[in-house]
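Trainee: After the structure tokens below, expect a handful of questions from me.
The values are calculated or read from the model by the stated rules, or taken from the named source; none is laboratory data. Please read all numbers here as calculations on a predicted model, not as lab measurements. All Cβ positions, even for glycine, are placed from backbone atoms using ideal geometry, and neighbour counts span all protein chains on display.
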Amino acid sequence: MNKEKIKGILEYQIPPRVIRSIGIVIVCLFSCILFACNAEAIAVVNEKMYGFVVWTESEFWKLSVITIAILWLFIYCLTGKLLVSYVIMELGTTIWGIANRIILFTRDQFITVNDFKIIGEAAEVRIEWKVAFHPVIIVFVAISILLGVLLWSLIKKNKKELKTDGNKKIVWGIRALGLLVSVGLFIGIHSKPQQILLDDLLPFRETGNVVWFCQSVFSNVAGGLSYDEVCGIYNEFIEVEKVDDVISSKRPNIVVVMSEAFWDVNNLEGLVEASENPMDKYFEITKGTIRGEVAVNVYGGGTNQSEFEFLTGMNAKYLLNGDCYDEYFEGEQESFASYLNELGYYSMAFHPYTGEFWQRETAYPNMGFSEFYDREEFMNTEKCHGYISDKAMTREIIARFEARKELNPEQPIFAFAVSVQNHVNNMGSFDEASAKEGCYGITTKVLGDVSDQESVENVEEYYNGIKHSIDALEELLDYFSNYEEDTMVVFFGDHAPLYIKLICDTDSLGDDLNMYRTPYMIWTNYENDYESYGDFNLSYLSSVLLDYLDYPKTQQYYMNKYMLKNCEINTKFEQVSVPNFDKQKEVEVMSTVLYMCENFPKQNFALPYWQIVE
């Protein structure tokens, strides 16, 4: 049988249109995998593909591919053009990968839906565009072009796509049905939270940025328990940890300062030489205090998560969305502030930036703060690095403190302040106000081959900023050391500064430089016999204060005390626990509490986790 006869038989049995249609389907399937890999690999290539390997070894890569396929179906039905939808998907996944690459670099996490809620604030932050691009992007684009050309060739020969020359009503009906099916599939797949997000280290690398984002659209975590079950587990912690404490009747003033990007620069030994080590003064003025390091869940940003941990005692590890205040404090919720109010305190909050940032102007009153002073309310407005300085914030705290004492001398005060001076986005701009404040006395030299001169300048500014912050802390301690009433001052950093990754290139950066730990110290102007707990999760800090103050204990205190004894560090990046420790109860409680707070604020839901246990 000659070749012509064989060809004729094959064409009779399997028309060329069918073969080409099968080819189009195969190309589309490969393209879905390519688009998913495109979005994931571009984002994590700065980690030498570590995150990409973790993703491919998990079950979530399949879900990512399915999600990409659903999205492509939606765009195809919307445009009616297969090749046009292909180009949109290629451009979209490339841009998505680059965007996640930048966010991973600046915050060590992937994009969530709440990042779009603060798009205006985010626009103010300087983006390190030099980290956005990598040769791997060219590789994926080249492969996509080859597949696109193949797809175009098959489509051209078939000549017809979805919009046939048949009945237009039928065509539009099919497209509308495709849109509904794609939306339904997306909701059906992603509206069920993935349990993996609750208890694994670095879970976002395992899920990949596509699934991570989709999960954030619907819910933070799985709310697997009922209200009564949560209370029951809290009671288990209480039974284990409760002892007959002597409750103190003393009510010292409490001043808490969370310092923006305050981090121990001694971690940069061997990487940076400085004319002066600003941390030497920190250790000098905090000598004799309770001090150590707190483990945090954020890097380079996400300040609100750190203050959320201190004020609620909740572990931000179980958050998926970045904007915890917007998600959990639409209505009144209990906190360390509301607890202190019950003990007779007057609570004030300070932040020398706009109150709209991270929705603090809404969240703080809902947590029990009677007053919130943002930059519009500040009387002291001296600048450093383009922001209201830490010294100005210290003087504002003192001024408001004294004014309140004049109104009610007998009432103890709780002051909580979040600084902004060392925020990264204005670094690189020397201004007259900064010079007058003496910010630029320290000179630094970055060792090794660093091609980015701007990053080198950032390091010097940061060292000077840390010195300024320590001077502000010293001023605060000097004031209260001579204050007649008993006062406790608590100071800690919210996260490490962004610039570290600009001057260091090491696979073990997080371990070597303690990127997820910041200094803390607890000082009093009265004699105390406090015993140090060493290093621990930031979420435990407010519970530790209850211990030191001998105040009535709460449900959250007992859970955190149990965790502190058994798992002193439990963040997205690190876990330090006793052997064979099972933290499943804490996982279930925290995930459900956050789920309930997120989903039922309009019903005025509030779990009584800061209520005093009799």
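Trainee: Of everything in the stretch 531-558, what is outside any helix (DSSP H, G or I), closer than 21 Å to LEU343 by Cα and not polar (S, T, N, Q)? Give them in sequence order.
Mentor: If the condition is that a residue be outside any helix (DSSP H, G or I), closer than 21 Å to LEU343 by Cα and not polar (S, T, N, Q), then ASP550, TYR551, PRO552, LYS553 are the ones that fit.
Trainee: Could you go through the stretch 383-390 and let me know if any residue there is surrounded by 21 or more Cβ atoms within 10 Å (Cβ to Cβ), β-branched (Val, Ile, Thr) and not in a helix (DSSP H, G or I).
Mentor: Yes, the stretch 383-390 contains at least one residue that is surrounded by 21 or more Cβ atoms within 10 Å (Cβ to Cβ), β-branched (Val, Ile, Thr) and not in a helix (DSSP H, G or I).
Trainee: While we're looking at this one, here's another question. I need the full set of residues from the stretch 296-317 which are assigned to a loop (DSSP other than H, G, I, E, B) and under 10 Å from THR571 (Cβ atoms), in order please.
Mentor: Within the stretch 296-317, VAL296, ASN297, VAL298, ASN315 qualify.
Trainee: Okay, next question. Show the residue pairs meeting these rules: Cβ distance below 7 Å; 6+ apart or different chains; first residue within the stretch 343-369 and on the phi > 0 side of the Ramachandran plot; second residue in a helix (DSSP H, G or I) and surrounded by 22 or more Cβ atoms within 10 Å (Cβ to Cβ).
Mentor: TRP358/ASN304; TRP358/TYR325; GLN359/TYR325; GLY368/ALA337
Trainee: Quick one: count up the residues across the stretch 415-441 that are at pLDDT below 85, assigned to a loop (DSSP other than H, G, I, E, B) and buried (at least 20 other Cβ atoms within 10 Å of the Cβ).
Mentor: Number satisfying all stated conditions: 4.
The rows are residues; the columns are (1) over 29 Å from the mean Cα position of the chain (by Cα); (2) modelled with pLDDT under 65; (3) farther than 30 Å from VAL420 by Cα.
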residue	(1), (2), (3)
GLU121	no, yes, no
ILE127	no, yes, no
PRO135	no, no, yes
LEU177	yes, no, yes
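Trainee: Considering LYS561, LYS572, which residue is crowded, with 19+ Cβ neighbours inside 10 Å, at pLDDT 65 or above and in a loop (DSSP other than H, G, I, E, B)?
Mentor: LYS572 is the lone residue from the list that is crowded, with 19+ Cβ neighbours inside 10 Å, at pLDDT 65 or above and in a loop (DSSP other than H, G, I, E, B).
Trainee: Still on this structure: Report whether or not ILE103 is exposed (fewer than 13 other Cβ atoms within 10 Å of the Cβ), modelled with pLDDT under 80, assigned to a helix (DSSP H, G or I) and aliphatic (A, V, I, L, M).
Mentor: Criteria not met by ILE103.
Trainee: Looking only at the stretch 515-554, which residues are of a type in the set (Val, Ile, Thr) and in contact (Cβ under 8 Å) with a residue 24 or more places away in the chain?
Mentor: Passing the criteria: THR518, ILE522, THR524, THR554.
Trainee: Which residue out of THR362, THR354 is assigned to a helix (DSSP H, G or I), farther than 15 Å from MET258 by Cβ and either at pLDDT below 90 or more than 22 Å from the chain's Cα centre (by Cα) (or both)?
Mentor: THR362
Trainee: Same structure again: Consider MET379 against the criteria (1) assigned to a helix (DSSP H, G or I); (2) over 24 Å from the mean Cα position of the chain (by Cα): it satisfies all of them except one. Which criterion is unmet?
Mentor: (1)
Trainee: If you don't mind, there's one more thing I want to ask. Of all residues in the stretch 138-167, which are at pLDDT below 65, of a type in the set (Lys, Arg) and loosely packed, with under 11 Cβ neighbours inside 10 Å?
Mentor: If the condition is that a residue be at pLDDT below 65, of a type in the set (Lys, Arg) and loosely packed, with under 11 Cβ neighbours inside 10 Å, then LYS159, LYS160 are the ones that fit.
Trainee: Still on this structure, please answer the following. Taking the residues in the stretch 464-489 that are in contact (Cβ under 8 Å) with a residue 40 or more places away in the chain and acidic (Asp, Glu) as candidates, determine which candidate is surrounded by the most Cβ atoms within 10 Å (Cβ to Cβ).
Mentor: ASP471
Trainee: Quickly run through the stretch 366-399 and pick out the residues that are touching a Phe, Trp or Tyr at 6+ places or on another chain (Cβ under 7 Å) and farther than 27 Å from ASN464 by Cα.
Mentor: ASN366, MET367, SER370, PHE372, listed by residue number.
Trainee: For the structure I just gave you, tell me whether LYS583 is at pLDDT below 95 and closer than 21 Å to ILE233 by Cα.
Mentor: yes
Trainee: Given the structure, is SER508 modelled with pLDDT under 75, exposed (fewer than 15 other Cβ atoms within 10 Å of the Cβ) and of a type outside the set (A, V, I, L, M)?
Mentor: Yes: the conditions hold for SER508.
Trainee: Another question about this same structure. Give the residue that is farthest from THR394 (Cα to Cα), with candidates limited to residues of the stretch 463-500 that are β-branched (Val, Ile, Thr) and in a helix (DSSP H, G or I).
Mentor: Step by step, filter the stretch 463-500, then rank; the result is ILE500.
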